[in-house]
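The values are calculated or read from the model by the stated rules, or taken from the named source; none is laboratory data. Quick caveat: nothing in here was measured; it's all calculated off a predicted structure. Cβ placement follows ideal geometry from the backbone for every residue including glycine, while neighbour counts extend to all protein chains displayed. The accessibility values were calculated without ligands, DNA or RNA, using every heavy atom of the protein model including side chains. Shrake-Rupley method; radii C 1.70, N 1.55, O 1.52, S 1.80 Å.
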Amino acid sequence: MSKTGSREERELVKMLWDANCAAMRAPASGGATKKPLPDVIAGNGATYLAIEVKSTSLERIYINSEKIDGLKEFADIFGAKPYIGVKFLRKKWRFICLEDLYITKNNNYRVNLDLAFDKGLEFDEIIGRDKQVKFS
């Protein structure tokens, strides 16, 4: 994993701890094991999260279908809510529900700035601290 991805994962773990959620970066996430592991696992006794972290300085991020399938599998077994946590350069974190991801013609997934900020949730929403009001 790149230094940027690791830095973003550590930033998210710190944010979660600061919000009274136990959180950790999953060891061996990113393909070092055959088992599906998200990048970050967190919970506060009421809400459990499995987050695949993506960061970029570009306007879009591509995610292969195996990553999404693995995240779904882990979240189902663990009882967690699965999210793609995206951090675009100089933008706030956004957390996308898997059903909101754009499916490419090759059956992979894409998140761009518009999708992240139109449908993505803010940090306080995923930990149950706040609810964002969205207008159609």
Note: probe point = Cα of R10 + 7 Å toward Cβ; backbone nitrogen < 18 Å; residues of the range 48-70 passing the test are 53-56
Dipole of the chain, positive end: most advanced residue of V13, I103, G45 [Cβ charges, Cα centre]: V13
Exposure rule at most 10 other beta-carbon atoms within 10 Å, DSSP loop trypsin sites (Lys or Arg not before Pro): the chain longest free segment: 35-89
Gaussian network model of the chain, Cα springs within a sub-10 Å range: biggest mean-square fluctuation belongs to which of A26, A75, A42? A26
Going by a ≥ b ≥ c, the root eigenvalues of the Cα gyration tensor, does the range 26-130 fall in the rounded group (a/c under 1.5), the prolate group (a/b larger than b/c) or the oblate group? oblate
Classify the range 71-119: rounded, prolate or oblate, from the alpha-carbon gyration tensor (a ≥ b ≥ c, eigenvalue square roots; a/c under 1.5 rounded; otherwise prolate if a/b is larger than b/c)? oblate
Please give the contour-minus-distance gain from K91 to K35: 0.36 nm per residue of separation, less the Cα-Cα distance, rounded to one decimal in nm. 17.0 nm
Over all pairs of different Cα atoms in the range 38-84, the reciprocal of the mean inverse distance gives a Kirkwood radius in Å of 11.3
Shape call for the range 7-74, from the Cα gyration tensor axes a ≥ b ≥ c (a/c under 1.5 means rounded, otherwise prolate when a/b beats b/c, else oblate), comes out oblate
Give the carbon-plus-sulfur fraction of the accessible surface of the range 32-131 in %, rounded to a whole number; probe 1.4 Å, heavy atoms of protein chains only. 46
The chain - accessible surface per residue (Å², probe 1.4 Å): 61
Choice from P82, P36, P27 showing the highest fluctuation, given a GNM over the chain with Cα pairs closer than 10 Å: P27
